[in-house]
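The values are calculated or read from the model by the stated rules, or taken from the named source; none is laboratory data. None of the values given here were measured: they were computed from a predicted structure. Reconstructed Cβ throughout: ideal geometry from the backbone, glycine too, with neighbour counts over all protein chains shown. For accessibility, only protein heavy atoms count, side chains too; no ligands or nucleic acids. Shrake-Rupley method; radii C 1.70, N 1.55, O 1.52, S 1.80 Å.
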Amino acid sequence: MFKFKEITNKAMSILPIEENFHTRATKRYNEIQVEGRDGSIFEETGYNNVVSSLELQVLDINRRDEILEWLSGSGDLEYNGRIAKIVIYDEVSIVRSESIYMAVVNYIRSPFWYTAKDQYICVKDSIHNLGNVYSEPLLLIKGKDGEKADITIGNIRFQYVFDSDGVVEIDSEEKKEYFNGKSKSKNIVIGFQYPKLCPGPNPVVVHSGNVEIKVKRKDRWL
């Protein structure tokens, strides 16, 4: 069973012929050829989206219009406790094949899967990424007004000076820091790189300051 736009395939009277959601994203890279050197130098630049398809059996043809509306646009795909963004932009047709009705859905999925029921958890001396690829977490850090915190997460060290809000959210993927919609970029000292979590344990060191650290979006899979 899968869920799209928070609606299950069962609720839409749809039956997947095969739930083939485990295609692995390909890596992007630059190939550099150097004069006088055999072979090439490869520079990895990230991951591509996954382009795939899903074959569905339509159990209630009277819901054709509702099904076609559902299988359109963007939304979250939830499967086996994990979630990923997908978009459906191609044409979707429901056709009769002998005694059953079928639809083939082409979709584009983001490279990564995340924990479906994710929430902030407290961390102390390490953060464990349970996935199989690096993640770019959301961090929630609390402290006292006017206090300066010096923190290392993974291999990234940064400093933050708390204001009257006493809390900051740091989005490592977007490279932004904020709280309640307000930017906190003037309070942080950090380079171009934000914390990334390798698969397995990642050290957390508080060099100075009395802070509480919480993390979300720590686990990520290809």
Practice prompt. Within segment 150-218, report the GluC sites (Glu not before Pro) that DSSP leaves as loop and that have at most 14 other Cβ atoms within 10 Å.
Written response: Glu173, Glu174
Worksheet entry | Inter-part distance where segment 16-78 and segment 111-153 are each reduced to a Cα centre, Å | 27
Worksheet item: Can you give the translational diffusion coefficient of segment 52-150 in µm²/s, computed by Stokes-Einstein from the Kirkwood radius over Cα pairs at 10 °C and 1.306 mPa s?
Response: 91
Worksheet entry | Highest average packing first - 66-78, 128-140, Cβ atoms within 10 Å | 128-140, 66-78
Worksheet, complete the sentence: Note to self: with every protein chain in place and a 1.4 Å probe, the chain gives an accessible area per residue in Å² of 58
Response to the item:
Of the accessible area of the chain, computed with a 1.4 Å probe and all protein chains kept, carbon and sulfur make up a percent value of 47
Worksheet item: With each run of n ≥ 4 DSSP H residues scored as -39500 (n - 2.57), what mean residue ellipticity at 222 nm is computed for the chain after dividing by its residue count and rounding to the nearest 500 deg cm²/dmol?
Response: -1000 deg cm²/dmol
Worksheet item: Please state the equivalent ellipsoid semi-axes for segment 125-186: what are the square roots of 5 times the Cα gyration tensor eigenvalues, largest first, in whole Å?
Response: 22, 14, 10
Fill in: Along each principal axis, Cα extent of segment 152-222, largest first, Å
38, 26, 22
Discussion item. Per-residue counts of other Cβ atoms within 10 Å, averaged by peptide: what ranking do you get for 100-110, 2-12, highest first?
Written reply: 100-110, 2-12
Discussion item. Compute for the chain: radius of gyration divided by Kirkwood radius, i.e. Rg/Rh, restricted to C-alpha atoms, rounded to two decimals.
Written reply: 1.10
Response to the item:
Surpassing 18 Å at the alpha-carbon level, of the pairs Lys117/Lys182; Lys3/Lys218; Lys142/Lys214; Lys3/Lys196; Lys85/Lys117; Lys144/Lys176, are Lys117/Lys182; Lys3/Lys218; Lys3/Lys196; Lys144/Lys176
